[in-house]
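Asker: My structure is below; once you've seen it, I'll send some questions.
The values are calculated or read from the model by the stated rules, or taken from the named source; none is laboratory data. The shown structure was predicted, so the numbers you read here are calculated from the model rather than taken from an experiment. No Cβ is skipped: glycine too gets one built from the backbone with ideal geometry, and neighbour counts run over all protein chains shown. In case anyone asks, the SASA skips ligands and DNA or RNA and just uses the protein heavy atoms, side chains included. Shrake-Rupley method; radii C 1.70, N 1.55, O 1.52, S 1.80 Å.
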Amino acid sequence: MALPDNRTWFLPTGNLPIGTMYCIGRNYTLHSEEMGAPHTPNPVVFIKPPAAYMPTGFTIALPRFSSNVHHEVELVLVVGKDVWEVADDDAWDVLAGVGVGLDLTARDVQRDAKINGDPWAISKSWIGSAPVSPIVPLSESGRGPWNLRLEVNGQLRQQESTDQMERSIPHLISFLAATFSLRAGDAIFTGTPHGVGPVVAGDVVRASLDKLTELTVRFA
Ligand code: MG
């Protein structure tokens, strides 16, 4: 299969090279509860490489090493400038725009990794595991909150307001910047609300962020 040309965020304010994707786990209480996961004072963070990104309209090949891939709909923030340390009050200024994405997760592989104390990389970071909608500049989107919505084959599976996140967007930005630095083109997946579930070959998943932007992908 040919590799997709998937290296660029296209924005009216200037295109950006897709960088590291930082993902926040356990950021909505009801999802933590459905996973049976304990509350942690600091955010759970993992990373997807740029090759995990896919644009809307693509068909995503489910990984052969898993028989249970789950959808997780998430607000995605795209970073517009390089920062190391940033105050919460200045954190919104770091962002170029927002979108909606899927943190696709090989749940069976992740379960085994949790049991064995292994990293989540294979379960979370395979090629195609991070499809994202077109990005809306912050000047158009405002600062939210927004409604996240996900349908599988036309059936509603996840719906929640981003105001239910346990940690604020400025806090996530300042925490990640102080820990890793953030570079223009990096992205932040802000965690999924409850209602995660499996996708199989032939499914069509549509996700949206209010009426601002949407993502449609098919699975094979
Ligand atoms: Mg997630």
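Asker: Could you list, in sequence order, all residues of the stretch 12-57 that are touching a Pro at 6+ places or on another chain (Cβ under 8 Å), modelled with pLDDT under 95 and either aliphatic (A, V, I, L, M) or open to solvent by 40 Å² or more (accessible area, probe 1.4 Å) (or both)?
Answerer: Correct list: 12, 13, 26, 30.
Asker: OK, next. Mind checking which residues of the stretch 127-142 are out of contact with any helix residue (DSSP H, G or I) (no Cβ under 6 Å at 6 or more places or on another chain) and farther than 15 Å from residue 72 by Cβ?
Answerer: 134, 135, 136, 137, 138, 139, 140, 141, 142
Asker: Would you be able to tell me the number of residues in the stretch 1-31 that are without any contact (Cβ under 8 Å) to a residue 12 or more places away in the chain and under 17 Å from the mean Cα position of the chain (by Cα)?
Answerer: Residues flagged as without any contact (Cβ under 8 Å) to a residue 12 or more places away in the chain and under 17 Å from the mean Cα position of the chain (by Cα) within the stretch 1-31 amount to 1.
Asker: Another question about this same structure. Taking the options 51, 2, name whichever one is within 30 Å of residue 201 (Cβ to Cβ), out of contact with any helix residue (DSSP H, G or I) (no Cβ under 9 Å at 6 or more places or on another chain), assigned to a helix (DSSP H, G or I) and hydrophobic (A, V, I, L, M, F, W, C).
Answerer: 51
Asker: Restricting the stretch 180-215 to residues that are small (Gly, Ala, Ser) and either under 16 Å from the mean Cα position of the chain (by Cα) or outside any loop (DSSP other than H, G, I, E, B) (or both), which is nearest to the ligand (Cβ to nearest atom)?
Answerer: Top of the filtered list is 191.
Asker: Then there is this: Residue check, residue 10 against (1) more than 15 Å from the ligand (Cβ to nearest atom); (2) under 17 Å from residue 191 (Cβ atoms); (3) among the aromatic types (Phe, Trp, Tyr), all met but one. Which one?
Answerer: Exception for residue 10: condition (2).
Asker: How about the stretch 151-184: which of its residues are charged (D, E, K, R) and open to solvent by 50 Å² or more (accessible area, probe 1.4 Å)?
Answerer: If the condition is that a residue be charged (D, E, K, R) and open to solvent by 50 Å² or more (accessible area, probe 1.4 Å), then 157, 163, 166, 183 are the ones that fit.
Asker: Could I ask something else about it? Anything in the stretch 106-147 that is β-branched (Val, Ile, Thr), away from the ligand (no atom under 14 Å from the Cβ) and either touching a residue at least 60 places away in the same chain (Cβ under 8 Å) or not in a helix (DSSP H, G or I) (or both)? List them, or say none.
Answerer: Scanning the stretch 106-147 gives 127, 135, 136.
Asker: Mind listing just one residue for me: the one in the stretch 52-78 that is aliphatic (A, V, I, L, M) and in contact with a Lys or Arg (Cβ under 9 Å, 6 or more places away or on another chain) and, of those, nearest to residue 16 (Cα to Cα)?
Answerer: Among them, the one singled out is 52.
Asker: Please work out which residue is nearest to the ligand (Cβ to nearest atom), limiting yourself to the stretch 58-73 and to residues that are hydroxyl-bearing (Ser, Thr, Tyr) and surrounded by fewer than 18 Cβ atoms within 10 Å (Cβ to Cβ).
Answerer: Ranking the qualifying residues of the stretch 58-73, first place goes to 67.
Asker: What residue, among those in the stretch 74-100 that are over 14 Å from residue 213 (Cβ atoms) and among the β-branched types (Val, Ile, Thr), is nearest to the ligand (Cβ to nearest atom)?
Answerer: Ranking the candidates gives 79 first.
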